[in-house]
Structure formats: C-alpha cells, structure tokens
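Quick notes on the structure that follows.
The values are calculated or read from the model by the stated rules, or taken from the named source; none is laboratory data. Owing to the predicted nature of the structure, the values given are computational and were not obtained by experimental measurement. Glycine gets a Cβ as well: all are built from the backbone with ideal geometry, and neighbour counts include every protein chain shown. Ligands, DNA and RNA are excluded from the accessible area calculation, which covers all protein heavy atoms including side chains. Shrake-Rupley method; radii C 1.70, N 1.55, O 1.52, S 1.80 Å.
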Amino acid sequence: MLRHGLLVFLTFFLALRPSYSRRAPYAMRISCGARNDVHTPPTNTLWYKDFAYTGGIPTNGTRPSFITPPLNTVRYFPLSDGPENCYNINRVPSGHYSVRIFFGLVSEPNFDNEPLFDVSVEGTQIDSLQSGWSNHDDEQAFVEALIFLRDGSASLCFHSTGHGDPAVFSIEILEVDDNAYYFGPQWGQGTILRTDRRLSCGVKKPKFDVDYSGDHWGGDRFWNPLPTFGRSSDQTITTTKSIKQASTSPNFYPEALYQTALASTDNQPDLAYTMDVDPNRNYSIWLHFAEIDPSVTGAGQRVFDILLNGDVVFRDVDIVKMSGGIYSALVLNKTVAVNGRTLTITMHPTKGHALINAVEIFEVITAESKTLPDEVSALQALKSALGLPLRFGWNGDPCVPQQHPWSGADCQFDATSSKWVIDGLGLDSQGLRGFLPNEISKLRHLQSINLSVNNIHGPIPSSLGTVTSLEILDLSYNFFNGSIPESLGQLTSLRRLNLNSNSLSGRVPAMLGGRLLHRASFNFTDNAGLCGIPGLRTCGPHLSVGAKIGIALGSCVAFLLIVTCLMCWWKRRQNILRAQRIAAREAPYAKARTHFSRDVQMTRHYGPEHAKTATENGPSLLS
Ligand SMILES: *[C@@H]1O[C@H](CO)[C@@H](O)[C@H](O)[C@H]1NC(C)=O
Ligand SMILES: *[C@@H]1O[C@H](CO)[C@@H](O)[C@H](O)[C@H]1NC(C)=O
Ligand SMILES: *[C@@H]1O[C@H](CO)[C@@H](O)[C@H](O)[C@H]1NC(C)=O
Ligand SMILES: *[C@@H]1O[C@H](CO)[C@@H](O)[C@H](O)[C@H]1NC(C)=O
Ligand SMILES: *[C@@H]1O[C@H](CO)[C@@H](O)[C@H](O)[C@H]1NC(C)=O
Ligand SMILES: *[C@@H]1O[C@H](CO)[C@@H](O)[C@H](O)[C@H]1NC(C)=O
C-alpha cells in the first residue's frame, strides 16, 4: 500500500519536473591505467585519469574489440596482489546508474592474455567472463548493469578465478532516470538489471546512444546490429520521418532506434529470435515498435501476438492503436522466469505482418545484502594492525559476492539485521606480524578465532572479553606478552583457549581458572611468567603496591641496622684484643693501661672527637 502510494507520488513528481531532467546527468568515466585525463573522438568524451581508486598496475593496453572506447591503457591486477581488487569511487550522488566496465588486454607479447575473472558491483556478482570473450565484437567486451547507488560511493570489484590477471579498460558510471526500466513491483533497490543484449533490428553497424545523438539521461546504451531474423524473407524498413514519443521519460530512447525495423513477409509470417541464456534466471524483456511502413496507414492493419518461449505474453498488439498513431514509439516490457537454456521471442501476426524495431534483454539479479558496516571496519583495522600480506586481497565486502568471500573470514547471514556478519577468523600460520587491535571486539558475532603460529606481539586486548559468543580462542605460538586480561573471565561460552607458547606473565584470572571445571580445554604452558593454576608455578603472595614499597623500605632499614651493629661489634673486638696485647707486654704501666682502657670506652661512648684525643695520647703508650 505504502509502496503503491510512493510510486504514485514518484510518477506525479516526475510529471512535474521537466526542467529537472534537463540538468546534465552525473557522469564519471575513468580510463583505467591512464596517468592523464583523456578526450576521445568523435564526441570529445572526457575520461578521467586513473588515480587513487585501487591497487594493481597501470600499463599499455590492447582494445579487445572495436566497440571498446579508443583508449590506450589498462590496469591489471596480478594474482600475487590478492584475488579481490576493487575500484572505490567516492562522492557519487545518491541515484540510479548505468555502470559499464570494458575489459582489457595487456599489450605485452609474453603476457598470458584473455584473463577470465568475475565482476561484482556493490557486492553483487554481475558477470563471469567466458573464454573467447576477447574474440567477439559484441557485448562480451563489457559488462553493464543498472543499479541504485545510495551510500555516496561505488565499489566495483574484480575477482580472480585463477585464469590470468584481471585487466580493466574503462569504467563508466552514468546517471539515468530514477524510474528508468521500471518493470513492476520487484524493481528497485533490491534488484540489479544486467544488460544481456540490446539489438537494433534492421541495421548493420553497432551504435551507442551517443552515435544516435541520444539523450544523456539514457545512459549511452550500446546497440548491437540485428540485420535479419535469419530468414531471407525478412524485410528491412527504414524512414527518415521523425518519431513521436521516442525520447521520453524515463528511458529516453534515441529517435533513430525507431527509424529502422525488420518486418516479416507473406512467405514466413512469424518473426522469431532465439538466444542462449543461463537457466533458472529471471529476464526482463523490452520490445520496441513504431509503425514506419508507409503501407500501413491506421489501426487494425497490423496485429500480432508476442510469445516468449511459446507462451503468449502480449495478445493482439496493434502498434498504431497502442502508440496513438503512425510514426509513434511503443515500448512493451515483460519479466519472465526462464528455466531452460534458450529464450525465444516470437511475433506471430493475426493481421498483416509482424514488425519490430529493437529488443533489450536484461537479467534480473537480486542484489546481495552487505556485511554489517561495523564489522567491515573492524576487519579493516585488523588488516592494518596485523600487517596482512597483499596476497589476502581484503578488498570490497568481506562476505559478498558469496562466490568470493575474504579468505580467513567466515561469514554468516544474520536474519535480524539482514546483513552478513563474521563468525570466525582463521588466520593461523600466515606469518602475521603486528599486534591485535582493540577493534577486534567489534566483531561481536565471533565464535572462533585462530591466530596460532604467527609473530603477533603486544598484549591480548582486554576488549576481547566483550565478545561473549566466543567459543574458541587460539593465540598459541605467538609473542603475546603482559598478563591475561581479567575480562576473558567473562567469556562463559569458551570451550577452548590456547595461549601456550607466548610471553605471557602474571596470574591466570580466577574466573578463567574456574572454567576449567566445565570440561573446557585450556593450554597455558610455555609462558615463562604465568602462574596460578594447577600445572603452572604458584604465584607469590598477592601484595598491593603500597605494601611492596613498605616491605622494600623495611628491608633497607633492617639491612643498615645490621651492618652498623656488625661494624661496632668488630671495632670493639679489635680494641679489646689490642688492649689485651698491650697489657700483656707492659704490665708495669698498669695505671697507664687503665687510663687507656677508659679512653677506649670514651671513644665508644662519645664519638670520634674523644677517639681522636685517645689516639693522640696513645702513641706514647704504644711506641
Ligand atoms: C606504453 O607505450 C608508450 C608508447 O606508446 C611507451 O612509450 C611506453 O614505454 C609504454 N609503456 C609501457 C609500460 O610499456
Ligand atoms: C513495464 O511494464 C509494466 C507492466 O508490466 C508497467 O507497469 C511499466 O510501466 C512498464 N515500464 C515502462 C517503463 O514502461
Ligand atoms: C524470479 O522471480 C521470482 C518472483 O517473480 C522469484 O520468486 C524468484 O526467486 C526469481 N528467481 C531468480 C533466480 O532470481
Ligand atoms: C589453529 O591453527 C593451528 C595451526 O594451523 C592448528 O594446529 C590448531 O589446531 C588450530 N586451533 C584450533 C583450536 O582449531
Ligand atoms: C610487550 O612487548 C613490547 C614489545 O613488543 C614491549 O614494548 C612491551 O613493554 C611489553 N609489555 C610487557 C607488559 O612486557
Ligand atoms: C600445550 O602446549 C604445549 C606447548 O606449547 C604443547 O607442547 C602441548 O602439547 C599442549 N598441550 C595440549 C594438550 O595440547
């Protein structure tokens, strides 16, 4: 109901804004690998230089097909730089866009050319290159899709499949009407229309909208020629008369598209076109008509049914009647599910002959949900803190396209947020350096972390204690130091904790020690400084800083006292011994000895002043 109301409003709004559609649509064209902006003939189209959008290597390129824009450079992505590479184009106004990517060939003789790779836009895979793509002069030289860009940026990614290094020639992001190619309730933000092909019937040369002087709001479509439906009896009709209702909102088709048509004849009244498709997909088919045959002058003279794979989808089509007159454009669209590998479009006349001007075929792709933004930024923090090697290629979205998730990150779809979340990190034995950042706690759906056998330094972040879903934490064989954070005690789901072979110290938190009783398996061994649970050394008494200072001070005072006492005792003993020696030698001078003896006692009682007196007196006695 709301959706319907919105549509009515949008239609109303569109009808009211002819001047709005006259503003030039946003257009961003990048010449991949170019160091300077490039202008190309014949329309002097501006292609921006390729700067700071992505990694990879700029080099000279070969145009795989003559429909490829006349540019000279490509950018390619060596597999050693990682399997996922993306162009991130910022400051794209929120809107509806035709995104087109031409593929490239590196012009180096020894290069293993014709790479095969997958392409995604905003996390949804839209193409998978098939071998032979570079030998065709048609839509295989590029991929094009209609998509809503709502977050101010466009992310276009190239995913290696192990068949050569992805190479891109050009990128075009061209704004189209907000309602372009509206085909029914399914249409919108959740769907992407990938152009399968566009055929201009009865013409001999491929054309872009720009060659037809089409409106820029059309997105510069590429039209492949369809000179005939494969039957000698097909008849080409052309006109130079102007066509009414051609270049109108929302799709702004070029008028010239309707000035040529193919018609059937008496010999073979049906017109039929068969193409190969991927099975079990939905296709949106757009058919273009204008009555340009001078022999038809009014309604009722040419009437035909339209069938898709044998099913009538439009009955009694009368171009003149439905478009409002001769030399007037009629566009019909139908979206169908195709189960088989072919799609056949048939025009079956019931009055006169069949006629058609152009055909457009899109695959309707359901847009992927992305990964929770918080978790993406956490993984990016992890990527830089751990110094993740290039070969990981953590670019684009971690979980989508589902065919190409980031290696080392396990994804799970979270039904409550309708987003992907990370539930496992497996980066063991990857030669990682650096440290574990606090941001790891933003991965709050993690159930398992294995960073074992790396060279990770620094503390275990205490924020890990908030990831309460954690069941397995393996940080063994690293250089983690400091103490085990108390907060890890809050991880009540923890079944396995390997902290062995690190440089941890201090007491194992009591809460963790308690968990050992719950059939959890912990390993703390080979950490020189850890203590406090069975199997490790016992910890010393638990003392506060104040107490430690007190003890240290007390020990010093006691030590000084002992030293002083020892010295006094020793000195006294020396003096007594000496006195005894004198007494034994000089018995007649007993009086003097007594005097001396008293002097010694005075020394002890009154300090150095008296001691000095005693020695001054002494020599006469000693000599
Ligand atoms: C690309 O081609 C130009 C001449 O067209 C040449 O000067 C330049 O060295 C080439 N660059 C590479 C990387 O081969
Ligand atoms: C496409 O067809 C549907 C009905 O099937 C119609 O509602 C819609 O307006 C058509 N789209 C355009 C742009 O004509
Ligand atoms: C095709 O469209 C129908 C709804 O019309 C949908 O249920 C189905 O999942 C779609 N199939 C594919 C392959 O997208
Ligand atoms: C973590 O990875 C190491 C090395 O690959 C492996 O031996 C270990 O079993 C893993 N830990 C867990 C808990 O699975
Ligand atoms: C841990 O190691 C780092 C160097 O890797 C050092 O700067 C830090 O002081 C250490 N911390 C502790 C508590 O030993
Ligand atoms: C615990 O770690 C030590 C040293 O890192 C290792 O030798 C031992 O096998 C581990 N014990 C268990 C039960 O895994």
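Tabulated values for the structure
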quantity: Considering only the stretch 139-280, percent of DSSP beta bridges that pair antiparallel, nearest 5; calculated: 75
quantity: Probe 1.4 Å, accessible area per residue of the stretch 23-176, Å²; calculated: 38
quantity: Residue 370 - accessible surface, heavy atoms, 1.4 Å probe, Å² rounded to 10; calculated: 60
quantity: Packing rank of 311-319, 183-191, where each peptide gets the mean count of other beta carbons within 10 Å, highest leading; calculated: 311-319, 183-191
quantity: For residue 477, solvent-accessible area (1.4 Å; no DNA, RNA or ligand), Å²; calculated: 120
quantity: Semi-axis lengths, Å, the stretch 272-315, gyration tensor of Cα atoms, sqrt of 5 times eigenvalues; calculated: 28, 12, 9
quantity: Cα pair distances exceeding 19 angstrom across the stretch 48-194, given as percent; calculated: 52
quantity: Per residue solvent-accessible surface (Å²) - the stretch 189-367, probe of 1.4 Å; calculated: 40
quantity: Cα gyration tensor shape for the stretch 189-367, rounded if a/c is under 1.5, else prolate or oblate; calculated: oblate
quantity: Under 5 Å, built H, 5+ apart or other chain: amide partners of residue 411; calculated: 423
quantity: Cross-link reach list, lysines versus residue 571, counting only Cα pairs under 29 Å and skipping chain neighbours closer than eight places; calculated: 591, 612
quantity: Of all accessible heavy-atom area on the stretch 64-135, the percent that carbon and sulfur account for (1.4 Å); calculated: 45
quantity: Gained length - residue 505 relative to residue 518, 0.36 nm times residue gap less alpha-carbon distance; calculated: 2.3 nm
quantity: Accessible area per residue in Å² at 1.4 Å probe, computed on the stretch 403-442; calculated: 48
quantity: Backbone N within the stretch 263-292 under 20 Å of label point (7 Å from residue 344 Cα along the Cβ vector); calculated: 263-287
quantity: J(HN,Hα) series, the stretch 230-242, from Karplus relation 6.51 cos²θ - 1.76 cosθ + 1.60, nearest Hz, glycine and proline x; calculated: x, 10, 4, 7, 4, 10, 8, 10, 10, 8, 10, 5, 6
quantity: Kirkwood Rh, angstrom, the stretch 373-540 [1 / mean 1/r, Cα pairs]; calculated: 16.4
quantity: Relative frequency of Cα-Cα separations exceeding 18 Å in the stretch 415-458, percent; calculated: 36
quantity: Portion, in percent, of the accessible area of the stretch 191-252 that falls on carbon or sulfur, probe 1.4 Å; calculated: 46
quantity: Contour minus Cα-Cα distance for residue 336 and residue 48 (0.36 nm per residue); calculated: 99.8 nm
quantity: Cα gyration tensor of the stretch 230-292 - equivalent ellipsoid semi-axes, whole Å, descending; calculated: 24, 22, 8
quantity: Carbon and sulfur %, accessible surface of the stretch 373-540 computed with the full protein complex present, 1.4 Å; calculated: 51
quantity: Theoretical gain in end-to-end length, residue 469 to residue 27 [0.36 nm per residue, Cα-Cα removed]; calculated: 154.5 nm
quantity: Calculated FRET efficiency for the pair residue 567/residue 433, C-beta based, R₀ 51 Å, to 0.05; calculated: 0.35
quantity: Peptides 89-96, 242-249 ordered by average Cβ neighbours within 10 Å, highest first; calculated: 242-249, 89-96
